[in-house]
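Here's the structure we're looking at; comments come further down.
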Amino acid sequence: MVLLLLSPVAATAGEADRGVAVLAYHRFDPLHGGATTVTTLAFERQLDWLDAHGYRVVALGAAVEGLRGTGSVLGDVVAGGRAVAITVDDGHASVYTQLYPIVRRRHVPVTLFIYPSAISHAAYALTWGQLADMTLSGLVTVQSHTYWHPNFHVERAHRTAAAYRAFVDDQLVRSKRVLERRLGVPVELLAWPFGIVDADLRAAALRAGYRAAFGYGGGPASPGGDPFAIPRLPMSDADQGAVLAARLRLGPSVRGPAAP
Ligand SMILES: [Zn+2]
């Protein structure tokens with residue numbers, strides 16, 4: 001009887017203010033910012049601002065659990081609308097040379113979305129040794145960004161339905177398998193290349209064993225949203241002070257659309 005009385009009340013207060021802002025970065029540079037490059041100074045100012053305004057940087061896996069309403073300390077943070085998670089896509093070398101020293105010094109958890117075909121192969125990319133080094137720190141978590149970062153719209157256009165399905169399955173399964181084997185860590189989260197996601201891709205992510213996936217764009221993520229299209233906030237040097245505050249503010253009035 002007690003449970004029956006309590007359960008309808010729990011979800012009423014502050015529902016619109018609950019959520020986690022998942023920040024999305026790509027590259028870091030000591031001097032020059034750009035569309036997908038944030039200067040190290042701007043990044044540190046963003047961390048300072050979050051700290052000064054009561055935001056807590058949480059691990060992405062914990063954020064996913066919080067969005068699911070799983071009970072934990074994080075659940076309280078999420079309920080207060082002051083949690084952020086930091087993600088970095090594509091495995092650019094500057095993650096190791098520019099971001100990682102800041103992560104270590106400030107002890108902030110960061111998740112890297114990696115497509116394994118580039119690692120120790122492309123000139124701009126991280127090496128497997130650097131990824132292993134960062135993973136061992138306990139501060140950096142590596143998750144999947146498919147195997148070679150295809151544009152699924154383009155790939156679908158020149159394949160039969162069966163061949164496209166096999167292609168998608170391979171991209172999702174191979175990435176997970178290679179990252180797990182190389183780094184010895186479980187890979188359960190996925191970021192969609194270019195933020196492209198639809199019903200077929202969601203189903204494929206589920207088949208491949210992922211438990212959540214992220215888009216690119218939109219506002220803070222809210223509990224009860226689609227766990228395979230969690231929105232993220234693309235970040236630039238311009239995200240400081242009042243601009244950053246407006247983007248992080250939770251609630252229906254400023255909540256962005258679902259990821260593209
Ligand atoms: Zn990407």
Practice task
Please report, to two decimal places, log10 I(q)/I(0) for segment 17-248 at q = 0.07, 0.14, 0.16, 0.18 Å⁻¹ as given by the Debye formula with identical point scatterers on the Cα atoms and no solvent.
Solution key: -0.21, -0.87, -1.14, -1.43
Practice task
Let me know the charge dipole size of segment 17-248 about its Cα centre in debye, to the nearest 20, where only the beta-carbon of Lys, Arg (+1) and Asp, Glu (-1) is charged.
Solution key: 400 debye
Handout entry: segment 17-248 - percent of accessible surface contributed by carbon and sulfur, probe 1.4 Å
Key = 56 percent
Problem - Considering only segment 57-185, percent of DSSP beta bridges that pair antiparallel, nearest 5 - result: 10 percent
Problem - Gained length - Leu206 relative to Ala35, 0.36 nm times residue gap less alpha-carbon distance - result: 58.4 nm
Exercise for the section: Taking amide H positions as placed in the peptide plane 1.01 Å from N, state which residues far from Thr127 in sequence (5 or more) or on other chains have amide H under 5 Å from it. Expected result: Ser120
Exercise for the section: Provide the three semi-axes, in whole Å and in decreasing order, of the ellipsoid equivalent to segment 99-228 as defined by the square roots of 5 times the Cα gyration tensor eigenvalues. Expected result: 26, 18, 13
Exercise for the section: With θ set to phi - 60°, apply the Karplus curve 6.51 cos²θ - 1.76 cosθ + 1.60 along segment 41-54 and write out the HN-Hα couplings as whole Hz, x wherever there is a Gly or Pro. Expected result: 5, 4, 5, 5, 5, 5, 4, 4, 5, 4, 4, 5, 9, x
Problem - Long-range HN-HN contacts of Arg68 with modeled amide H, under 5 Å - result: none
Practice task
Determine the distance separating the Cα centre of segment 119-146 from the Cα centre of segment 173-222; give it in Å without decimals.
Solution key: 16 Å
Practice task
With no solvent and one equal point scatterer placed on each C-alpha of segment 128-171, evaluate the Debye formula and give log10 I(q)/I(0) for q = 0.13, 0.17, 0.22 Å⁻¹, two decimals.
Solution key: -0.45, -0.59, -0.72
Problem - Mean accessible surface per residue for segment 129-182, computed with a 1.4 Å probe while every protein chain stays in place, in Å² - result: 51 Å²
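The values are calculated or read from the model by the stated rules, or taken from the named source; none is laboratory data. Please read these numbers as outputs of a predicted model, since none were measured by experiment. Neighbour counts run over all protein chains shown; Cβ positions are idealised from the backbone, glycine included. The accessibility values were calculated without ligands, DNA or RNA, using every heavy atom of the protein model including side chains. Shrake-Rupley method; radii C 1.70, N 1.55, O 1.52, S 1.80 Å.
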